[in-house]
Amino acid sequence: MQQLANILNEIEERLNESKSLEVAYENGTPVIKDVKGIVKYKVSKNEVKGIRKRKGKVKEKTKKVLLKLSEKLIQNKTAFKIIIWPKVVELRFDLDRFISIYDKEVKIAGFTSKEEEPLSYIYNILETHGKIVFLKPLK
């Protein structure tokens, strides 16, 4: 399990630097990558010049929860992304299924129950963080 410790150390380093990350699997081995967004339009540096970028900072309590969640998900060989926004950290499994982790609450989208995988692996950890809200899908 030395490999798991190394992966968790790297995740912790990235969280300390407020860098979003992705955990993927290559030949059954977890690999940490930078999150790549979807680019629909090329923008030059001059066009972006006046735009202010706000970087989120991960609070200590949230960081501890994210490390526990990451450990459980890696043990269950689940691919996921951790995306850091200014006021929330998002744990994303795919386009429609994600968990938003705020200071005192957790919002879950794309899941119908706590028994659904991969939510079933981590639900008890989320309960320790705060109030849990299931978001209903838009119709």
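Every read-out reported here was derived from the displayed coordinates using simple, explicitly stated rules and does not represent laboratory data. Values in this document were obtained by computation on a predicted structure and should not be read as measured data. Note that we place each Cβ from the backbone using ideal geometry, even for glycine, and neighbour counts take in every protein chain shown.
Close Cβ contacts (under 7 Å, 6 or more residues apart or on different chains) running from residues in the stretch 116-139 that are within 18 Å of SER70 (Cβ to Cβ) to residues that are surrounded by 13 or more Cβ atoms within 10 Å (Cβ to Cβ) and basic (Lys, Arg) comprise SER120/LYS114; TYR121/LYS72; ILE122/LYS72; TYR123/LYS114; ILE125/LYS68; ILE125/LYS72. Considering every residue within the stretch 77-96, establish whether at least one is surrounded by fewer than 16 Cβ atoms within 10 Å (Cβ to Cβ) and in contact with a helix residue (DSSP H, G or I) (Cβ under 8 Å, 6 or more places away or on another chain). Within the stretch 77-96, not a single residue is surrounded by fewer than 16 Cβ atoms within 10 Å (Cβ to Cβ) and in contact with a helix residue (DSSP H, G or I) (Cβ under 8 Å, 6 or more places away or on another chain).
I'd like the full set of residues that are under 13 Å from the mean Cα position of the chain (by Cα), assigned to a strand (DSSP E or B) and touching a residue at least 24 places away in the same chain (Cβ under 8 Å), limited to the stretch 76-108. If the condition is that a residue be under 13 Å from the mean Cα position of the chain (by Cα), assigned to a strand (DSSP E or B) and touching a residue at least 24 places away in the same chain (Cβ under 8 Å), then PHE80, LYS81, ILE82, ILE83, ILE84, VAL89, LEU91, ILE99, ILE101, VAL106, LYS107, ILE108 are the ones that fit.
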